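> Quick one: this structure, given as structure tokens, is what I'll be asking you about.
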Amino acid sequence: MKPPDSLALRFGSRSVLLPKRATAVALSIVVLLLLATAASVAVGNGRTVGWRAVEALLGGENAFARRTVFDYRLPRVVAGAVAGAALGLAGCLTQTLARNRLATPDLVGVNDGATVGVLITVLGSTTASIGAWWAGPLGAVIAAAAVVAVAGGLGTAGYRVLVVGLALSVTIDAVTDLVLARQPVDVARGVWGWTIGNLNARGYEVATPVLLGLAVLVPPALLASRKLNVLRFGDDTAATLGVVPGRWRLYALAVAVGLAGLAVGIGGPIAFVAMAAPILATRLAGTARVPIVTAALSGALLVVCADTLGRAFGPVEVPVGVLASLLGGPFLLWVLLSRKDS
């Protein structure tokens, strides 16, 4: 029997059920993301700003404007959108896994582990290079394994993992600051700018491999979301329906860790996006299902908008991580004080 809020799409003998509300919300966010992309490429220095940049994006004939847009600005927007989508997905999985809206990769030590992984690749460098994107997932895996080991497993409520993750996050932050303090000034300044979340000089060279990794991890994330949706009814009910709780929690955590590591590999630990995107997605799409797709699109939109705002005012660029943190404080208070369950 078809659920009343779903639309059935038939392909021969097969059919797919699309939730009407979630689909409408996802399509709306896609439209907003396209508009945000146009606004982002329109912001910058020089003559290629405003409508001139948008015209170049839409296929204008000005060669200089097209080169500015397609070689410099659009790659940065794509990198930010990919990072945001990965953060939104990771946050959605960890929040659902722990049944706690505060249980996101940036608050349980995973993002900090990924940051250290990338930081290690530039220790001793004299070029102040950002580092290798692939070190992000590796560091995230090590941090997640440490959190689960110290917490004694994932549990069912997620509070122990959250507390251990916070302790590990504080420790890693202190070690990171200590390491940077012992580096040459130029290296420390360049790397520090990335450790607070920065998309400067990031483009297709990192967005492409991370996008491929995202494409690989999205199907497992969708599968995990279906099982986590069952686990929300309790372990006993899930076991009755054939879902092994421990196995699927570990599976979902592994996918979330990979996604968070990929995101950090692009733009550093961009704060609060992994928390905000799933909450917004749930408020918009409803609580009937785990909003995997909507959370990913919301994360992409949040990062693109934050990066655009950071470049829109004044000659000095505000890193996307700083702006996200400024917006994240009031958002966190809203989440904590809100009485509406999501």
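> Would you pick out the residues in region 176-222 that are closer than 23 Å to GLY310 by Cβ and hydroxyl-bearing (Ser, Thr, Tyr)?
Matches in region 176-222: THR176, THR195, TYR204.
> Does ALA85 satisfy the condition of being in a helix (DSSP H, G or I), at pLDDT below 90, touching a Leu at 6+ places or on another chain (Cβ under 9 Å) and small (Gly, Ala, Ser)?
no
> Any idea how many residues of region 277-305 are surrounded by 24 or more Cβ atoms within 10 Å (Cβ to Cβ) and in a loop (DSSP other than H, G, I, E, B)?
2
> Let me ask something additional. If I ask for residues that are of a type in the set (Gly, Ala, Ser) and either at pLDDT 80 or above or surrounded by fewer than 24 Cβ atoms within 10 Å (Cβ to Cβ) (or both), which ones from region 88-101 would you list?
The answer is GLY88, ALA90, GLY91.
> When both residues are 6+ apart or on different chains and their Cβ atoms are under 8 Å apart, which pairs have a first residue that lies in region 230-251 and is within 12 Å of LEU97 (Cβ to Cβ), and a second that is assigned to a loop (DSSP other than H, G, I, E, B) and basic (Lys, Arg)?
Partner pairs satisfying both residue conditions: ARG232/ARG99.
> Could you grab me the full set of residues in region 49-85 that are out of contact with any Lys or Arg (no Cβ under 8 Å at 6 or more places or on another chain), more than 30 Å from THR104 (Cα to Cα) and either buried (at least 22 other Cβ atoms within 10 Å of the Cβ) or β-branched (Val, Ile, Thr) (or both)?
Correct list: VAL49, VAL54, THR68, VAL69.
> If you take the residues in region 102-131 that are at pLDDT 80 or above and in a loop (DSSP other than H, G, I, E, B), which one is surrounded by the fewest Cβ atoms within 10 Å (Cβ to Cβ)?
Checking each candidate, the answer is THR104.
> Mind listing whichever residues of region 52-105 are over 22 Å from LEU199 (Cβ atoms) and hydroxyl-bearing (Ser, Thr, Tyr)?
Correct list: THR94, THR96.
> Would you check which residues across region 179-195 are crowded, with 17+ Cβ neighbours inside 10 Å and not in a helix (DSSP H, G or I) and list them?
Listed by number, the list holds a single entry, GLN183.
The values are calculated or read from the model by the stated rules, or taken from the named source; none is laboratory data. Bear in mind the structure is a predicted one, so any value in this text is a computation, not a measurement. Cβ atoms come from the backbone with ideal geometry, glycine included; neighbour counts cover every protein chain shown.
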